[in-house]
1. By how many nm would the segment from ASN101 to THR82 lengthen if fully extended, with 0.36 nm per residue of separation less the alpha-carbon distance?
2. Let's test the formula: R0 of 30 Å, r as the Cβ-Cβ distance of ALA19 and ASP114. What FRET efficiency results, to the nearest 0.05?
Amino acid sequence: YSPIYSKLAAYVTVNGNGAANSMRFAAHATNADEATVWVDARPLISLDNFTNASNVTINGLAGDDVMTIVPNKADTNFDNLTVGAGGPADADRVVVEGATNADTFSYTPSATTDANGRIVFGTGADLVMIDFVGTESLALAGLGGDDTATFNTPLAGTADSVIFNPAAADHGQIR
């Protein structure tokens, strides 16, 4: 069973249930206006016919949540994603997963709140903005290819730790 949302929409919000949820958003690999969302073992949610620059919000709510975002390609119509980890502040994790080809990630933490920030996936005009709020752990998973990761510092005021373990042929910058 796969519920389908198809109204040429521009916004959708998917919420966890307050427990420790495993949530996954994946843009379709070849159709820019389609994506799927999984929440635990519940039925798959299919998003279809979304307009360009659509916005998706994933809220974990309470519990130790793992939220995985798979942009799949930079020319997806899902250009703006917001991930709200929820409370309490203890073990929420956001994973941004690339593909086996070359991926480009750029990370900028918030200048005012340690658990907030932005990941930009893609290059040039084909960018996916992933804003996250209340996240205790962030992972960028390139999954192979010649991946690039750039870690930007915000204005003074945050104390983020960056652990960078590139595979062969991968590289990154910390600035």
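1. 4.4 nm
2. 0.75
No lab work stands behind these numbers, since they all come straight from the coordinates. Fair warning: this is a prediction, and the values are worked out from it, not measured in the lab. We place every Cβ from the backbone using ideal geometry, glycine too, and count neighbours over all the protein chains shown.
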